[in-house]
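Structure first, commentary second.
Coordinate-derived values only; no laboratory data. Because the structure is predicted, anything quoted here is derived from the model rather than measured. As a convention, Cβ positions derive from the backbone with ideal geometry for all residues, glycine included, and neighbour counts pool all protein chains shown.
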Amino acid sequence: MKPTFIPHSDYQKSVLQQLRNDYGPGIVLINKDWPLAVKFWMADLSAITTLLYESYSDQGPETRDPASMLRSYLICLMTNPEMGITEWINEMKRTPIYAILSGFTPDDLPGVGTFYDFFSRLWPVVDKNLKPKSQRKRKGKPKKGKKKGEKAPTTTPGRVKRLVEWMMRHADRKSALPSDRLFNFFQSQILSVSADLGLLGDMSALTVAGDGMPVVTSVYPRSKPSCDCRARGIADCNHFRIYSQPDCNSGWDSAREKYFNGYHLYMISAANSKHDLPLYPRLHPASRHDAVSLVVGAVEFKQRFTLGAVDKILLDAAHDAEAIYRLLDHQNIEPFIDLNNRSKKNTATDSDIRISPTGIPICPKGKEMKPNGFDKSQNRRKWRCSPSCGCSSTKYGRTYHTHSSDNLRLFPKTVRGSDKWKLIYKRRSSIERSNKREKIDYKLESGRHRSTMMWNMRIFGIMICQHIDAWYVSQKDEWDKLKSTIYPAIA
Ligand SMILES: [Zn+2]
Ligand SMILES: [Zn+2]
């Protein structure tokens, strides 16, 4: 049956009533539970029912309130992120406050099947993975990074360039993703609240950061043959194999310094957020390089994000590819990317000035020229070598001009390494804190899921929790006043 829309105020009333009348004497709302109670008391998730309304049929058994299903899943992530759904249902039986805050009555809890039915409505396609399970046998492992912390060199500038060119040609054609329904809810009901609270920064000129992280789903990829060649003594055939996690493969985990099987999760976050809040997640196969996933993520995010305009993006040196600067410039986003200099050679120009690998003009005597201001009328940066250098006979000394448009990478609009650049770039660590929060505090990798659908549920669930946590922290004094409303009701 179609679900009935339950206004958030009705949920609040029923929580109070259950605490007061039905379960009051048996339930102790201890101080430890308070933040959890007030977070869900305040977070209005009722719109999920409207969003999913069309996915339910007119007939059949009565439907559980979708908002309560979502709340329950989020409470599980906040309190017991390592639990599977079966364990979580048992935990709600043991700890009735979790059931009540979800919006259920403790003696009438949904079963595991009801949870999975709810999840599948948030994923509007039949396939729970993006790729078919039947795939060609995979080639060997990707390369390792050379140094600790260095990501695997699994991409080439040529590959990034071809991808960017393809993306720029097709950027106006938005193709639907199965995760769009989750993102729509996340953007309209969660991000918009954080934006209104001022938690994401200046919405008309947002600074975002992007970075990828490994998500380990299992140590080895699991697959079985689709043929009986082995039994017939043929050791090496070319037939398809059946992979249990078709969207996962092997990657190099640079932080843990070992191979893993799973996903590469690329995340875009609000870099000027005090709370390090995530904006857009995208799962890729583990072997995918940051530079490639940024290109995909940046285009998808641009097509979907409607709450503001991105002005700057902060990325680490793994993203230092010319094509990425061009893509971001095309999107009117100013990139702040550390150089990843492999070459020590200076580049020639059409004059006797050469350009160092870090974008500094070198005078004919081999000296680095000094920045000498910005010429707004000509839109160019001025450089100068003092007369004492001897590279010029003029009284003023040798001068040179660089234009951003000549080389977006070497001559960024904001001079790389300048105080202004450093101040902006310092916020890049925000994405690392946000990713760490998902991985360490919310135990992202503890999800024992096989499908990309369920991994998306977990990721979006954790992201929603991060935002609700920030709502509480940023309004703690005001929200804590509600104790006088809620506590006497049960005292
Ligand atoms: Zn075979
Ligand atoms: Zn000079």
Going down the list K258/K345; K128/K443; K302/K426, which pairs span over 30 Å between their C-alpha atoms? K258/K345
Determine the distance separating the Cα centre of the range 276-333 from the Cα centre of the range 231-268; give it in Å without decimals. 25 Å
Hey, fewest Cβ within 10 Å first, where do R138, R427, R241 land in order? R138, R241, R427
How large is the convex hull of the C-alpha atoms of the range 377-491 per residue, in Å³? 269 Å³
Assign unit charges at the C-beta atoms only (+1 for Lys and Arg, -1 for Asp and Glu), then state the dipole size of the chain relative to its Cα centre in Debye, rounded to the nearest 20. 2980 debye
Using Cα positions and a limit of under 23 Å, work out the lysines in reach of K483, with same-chain residues fewer than 8 apart set aside. K13, K32, K39
If you place +1 on the Cβ of every Lys and Arg and -1 on the Cβ of every Asp and Glu, how big does the dipole about the Cα centre of the range 347-413 come out, in debye to the nearest 20? 240 debye
Pairwise Lys count, the range 347-413 - Cα closer than 17 Å, eight or more residues apart or different chains: 8
Just tell me which aspartates and glutamates come within less than 20 Å, Cα to Cα, of K131; anything on the same chain fewer than 8 places away is out. D180, D247, E300
Kindly provide log₁₀ I(q)/I(0) values, in the same order as q = 0.16, 0.22, 0.25, 0.26 Å⁻¹, from the Debye equation applied to equal alpha-carbon scatterers of the range 354-422. -0.54, -0.96, -1.15, -1.21
Give the lysines whose C-alpha is closer than 22 Å to that of K133, dropping any in the same chain fewer than 8 places away, or say none. K141, K224
What is the ratio of the Cα radius of gyration of the chain to 2.2 N^0.38 Å, with N the residue count, to two decimals? 1.16
Using alpha carbon centers only, the range 192-223 is separated from the range 62-128 by a whole-angstrom value of 24 Å
Fewest to most neighbouring Cβ within 10 Å: what's the order for R64, R159? R159, R64
